[in-house]
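No lab work stands behind these numbers, since they all come straight from the coordinates. Bear in mind the structure is a predicted one, so any value in this text is a computation, not a measurement. When we count neighbours, we look across all protein chains shown, and the Cβ atoms used for this are built from the backbone with ideal geometry, even at glycine.
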Amino acid sequence: MPKIYLLGGENTHKRDAEKVNQRAFNDAGEAPKILVFSWARASFDNTYAKNKIIFDYFRSLGASTINTVNYSSTNAEIRDKMSQSDLVYLTGGVTSVLIERLKNLGVDCLLRDFKGVIVGRSAGALALCSKCVITYRSTSEVKIIDGVGLVNLTLKAHYKVGWDRELIELSKTKDIFAVPKGSALVCHNGKLSAINNVFVFHNGERQIFR
């Protein structure tokens, strides 16, 4: 299994999760080759300005090459790109859109067999888990949906201290890990660790994950 970083969120303009990303890039080896899945949007954003922000950021972290996977790629093409990569990076956006695309093209299976490092940011982190807590912006409704299950836990990204009511209720039936922006939960060889503050809701109570 790959080493997986579940990043709660980041403003890439401000690079406010640089510490987390740098650790992941270091784990991927010297001058790692990066493959980016920007699949959590309704349409593929391949604009120069958008790519330049990510590419400049990742080069500053030590990346030797940075490639992207567009929506028209086949499973075979994606498999080939992944075989030449040290780190796979799943960006943010609409979680349900990302999960559907990963499953439809069999990328969830490719990710399970990947030998490097995987970073999921925001929606990317949620999608990697067996269950994820999402909030519909239009109605503020909170739901738990199925992810692709690389990490067997229930995750809430972009957690803000004080936004606890729904998580307290949901945690009465299952533990929920709540990861703020700039923090990460790391899964490797079946063990979990945290970078910066990560919280776990258990039986209606919140505590810092240690």
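Mind checking the full-extension length gain between residue 208 and residue 84? Use 0.36 nm per residue of separation minus the Cα-Cα distance, one decimal, nm.
Computed gain between residue 208 and residue 84 is 40.9 nm.
From the helices alone, meaning DSSP H stretches of at least four residues, give me the mean residue ellipticity at 222 nm for the chain, per-run term -39500 (n - 2.57), in deg cm²/dmol to the nearest 500.
-8000 deg cm²/dmol
Starting from the Cα of residue 33, draw a straight line to each of the lysines and keep only those under 22 Å, dropping any in the same chain fewer than 8 residues away.
3, 19, 50, 52, 81, 115
Residue 14: which aspartates and glutamates have alpha carbons under 15 Å from its alpha carbon, excluding same-chain residues fewer than 8 sequence positions away?
Within reach: 56.
Could you name the lysines whose alpha carbon sits less than 16 Å from that of residue 103, not counting residues in the same chain fewer than 8 places away?
Residue 103 reaches 131.
Shape of the stretch 155-210 from its Cα gyration tensor (a ≥ b ≥ c, root eigenvalues): rounded if a/c is under 1.5, otherwise prolate when a/b > b/c, or oblate?
Oblate is the answer for the stretch 155-210, as a/c is 1.5 or above yet b/c matches or exceeds a/b.
Counting only pairs 8 or more places apart or on different chains, how many lysine pairs in the stretch 149-210 have C-alpha atoms closer than 18 Å?
Value for the stretch 149-210: 4.
For the residues 140, 193, what sequence is obtained by ranking on other C-beta atoms within 10 Å, fewest first?
Lowest count first: 140, 193.
Hand me the trypsin sites (Lys or Arg not before Pro) from the stretch 111-175 located in a DSSP loop with no more than 16 other Cβ atoms within 10 Å, in residue order please.
115, 137, 160, 172, 174
Mind putting a number on the dipole of the chain about its Cα centre? Charges go on the C-beta only, +1 for Lys and Arg and -1 for Asp and Glu, and I need it in Debye to the nearest 20.
In total the dipole reaches around 220 debye.
Springs between alpha-carbon pairs under 10 angstrom, Gaussian network model over the chain: which of 62, 182, 116 fluctuates most?
Looking only at 62, 182, 116, the biggest GNM fluctuation is shown by 62.
Looking at 38, 105, 122, which one has the Cα that reaches farthest to the positive end of the dipole of the chain (charges on Cβ: Lys, Arg +1; Asp, Glu -1)?
122
In the stretch 3-208, with Lys and Arg counted as +1 and Asp and Glu as -1 at Cβ, which of these residues, 147, 66, 53, has the Cα nearest the positive end of the dipole, that is, farthest along it?
Farthest towards the positive pole: 53.
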